[in-house]
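This report refers to the structure that appears directly beneath it.
The values are calculated or read from the model by the stated rules, or taken from the named source; none is laboratory data. Because the structure is predicted, anything quoted here is derived from the model rather than measured. Because the Cβ atoms are built from the backbone with ideal geometry, glycine has one as well, and the counts that use them run over all protein chains shown.
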Amino acid sequence: MLKKNINIREIAKLAGVSATAVSYALKGDPLSKLSQEKRRHILEVCAEHHYHPNENTRRMFSRKANTAAIFFPPGIGNAGMSYVDQNFSCCLIGAQSELAARGMDLLLIETNADFIREKRYLRLIRGGLLDGILLWGTLAEDTYLDDVLKEKLPLVMLQADLGKTPTVTSDDYGGAGKLAEEALRLGHRKIAVVPAVLTSLFGQRFLAGVCDALKAAGITPFLTSVSGFDDRIAQSAVSEILERAPETTCIMTASDVAAWGCIRELSRRGRKVPDTMSVTGAGGFYLGSLLQVDSFRIPSYRIGREGSRLLCELIEEKGTPESILLPADRVPGDTLRKPAESWQYKS
């Protein structure tokens, strides 16, 4: 029968080595002088006796949790939503991949109302459970960030920039601008825009990119009063456009999911895309349809990896990492086409 709570000294005795050698073997320390054969022998003894160092003890002596958290806003793909945020999912995979390669774990934290009200973030930080935090999609109204900043824990913002930490973002301004320029090149002059949440960095960059490109061509778009990323806004957005801007030939939305919502709603009203109306999105994901939405790609996986790399540099105190802006390339699709003759307007 295996002895419970076997300690490192007993493992060292069974393996015929020192406790320090066991520690080196478990950490895979490249600076240790253990041979591969000796390390393999030690690990076999550990496995045979189900030994793993106590994490609480390890953290106490190393003063490191070997854990980072990613804070994300509520409402990303929960049971009440009609979709899962694929950009966040890809970012998450990228972040985890980079951290795992560095021997760190990733903790998911939804910044819901209870979490903020009870200030659980302070318990995580002051309890030594985190070495650093990645913040996805932080908004200007997220006042809890002021408390977090006072704790002096390494922070990196992803797809957000409040001017307080290093950031990794995509060039959503450039991506949206290129998409608007393509619509102009095809002959669209009556363009409606369904914006994103304007307190988000993405929302601001997306709208500015579209409007600046159209302004350079002497065109002012129709902006819907409804905004967001979800396809549930489509019915209200399409209704508003057809009632208040019926000459519209192209609808530009702030997400591929919202774009597909508009395509379905237009179809329900007898307006086929792209024959009688063009629609564009943002994100660059293929959503399993026969059509690919014309869009621009947010490099979410790279955002996660680069953000984790910057965070680790801050944790290791390797200088002051600079913010990174990644390109957002246009994704050609099947939903943006030259307007039909009866719908062409000259500026």
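What the table shows:
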{"quantity": "Count of residues meeting criterion [surrounded by 14 or more Cβ atoms within 10 Å (Cβ to Cβ), over 13 Å from Pro166 (Cβ atoms) and in contact (Cβ under 8 Å) with a residue 60 or more places away in the chain] in region 314-332", "calculated": "4"}
{"quantity": "Subset of region 296-305 (residues that are surrounded by fewer than 23 Cβ atoms within 10 Å (Cβ to Cβ) and in contact with a helix residue (DSSP H, G or I) (Cβ under 6 Å, 6 or more places away or on another chain))", "calculated": "Tyr301, Arg305"}
{"quantity": "Conditions (1) touching a strand residue (DSSP E or B) at 6+ places or on another chain (Cβ under 7 Å); (2) at pLDDT below 95: number failed by Phe296", "calculated": "(2)"}
{"quantity": "Within region 145-179, tally of residues that are on the phi > 0 side of the Ramachandran plot, surrounded by 22 or more Cβ atoms within 10 Å (Cβ to Cβ) and either out of contact with any Leu (no Cβ under 9 Å at 6 or more places or on another chain) or part of a helix (DSSP H, G or I) (or both)", "calculated": "0"}
{"quantity": "Those residues of region 189-209 which are closer than 24 Å to Leu242 by Cα and of a type in the set (A, V, I, L, M), in sequence order", "calculated": "Ile191, Ala192, Val193, Val194, Ala196, Val197, Leu198, Leu207, Ala208"}
{"quantity": "Test result for Ser295, farther than 16 Å from Thr248 by Cβ, of a type in the set (Ser, Thr, Tyr) and not in a strand (DSSP E or B)", "calculated": "no"}
{"quantity": "All positions within region 32-50 that are among the aliphatic types (A, V, I, L, M) and farther than 14 Å from Ile8 by Cα", "calculated": "Leu34"}
{"quantity": "Failed item, numbered, when Phe285 is tested on (1) buried (at least 21 other Cβ atoms within 10 Å of the Cβ); (2) part of a strand (DSSP E or B); (3) within 17 Å of the chain's Cα centre (by Cα); (4) of a type outside the set (Asp, Glu)", "calculated": "(2)"}
{"quantity": "Any hit, region 306-313, residues being surrounded by fewer than 24 Cβ atoms within 10 Å (Cβ to Cβ), in contact with a Gly (Cβ under 9 Å, 6 or more places away or on another chain) and of a type outside the set (Asp, Glu)", "calculated": "yes"}
{"quantity": "Yes/no for Asp142 being closer than 22 Å to Leu107 by Cβ, part of a helix (DSSP H, G or I) and assigned by TED's automatic domain parsing to the domain that holds Cys312", "calculated": "no"}
{"quantity": "Breaking point among (1) assigned to a helix (DSSP H, G or I); (2) touching a Lys or Arg at 6+ places or on another chain (Cβ under 9 Å), for Asp275", "calculated": "(1)"}
{"quantity": "Selection status of Met157, of a type outside the set (Val, Ile, Thr) and modelled with pLDDT of 95 or more", "calculated": "yes"}
{"quantity": "Thr280 of a type in the set (Val, Ile, Thr), in contact with a Phe, Trp or Tyr (Cβ under 8 Å, 6 or more places away or on another chain) and at pLDDT 95 or above", "calculated": "no"}
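Conditions (1) at pLDDT 95 or above; (2) on the phi > 0 side of the Ramachandran plot; (3) within 15 Å of the chain's Cα centre (by Cα), marked per residue:
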residue: Ala95; (1), (2), (3): yes, no, yes
residue: Glu98; (1), (2), (3): yes, no, yes
residue: Met104; (1), (2), (3): no, no, no
residue: Arg123; (1), (2), (3): no, no, no
residue: Gly128; (1), (2), (3): no, yes, no
residue: Ile133; (1), (2), (3): yes, no, yes
residue: Thr138; (1), (2), (3): no, no, yes
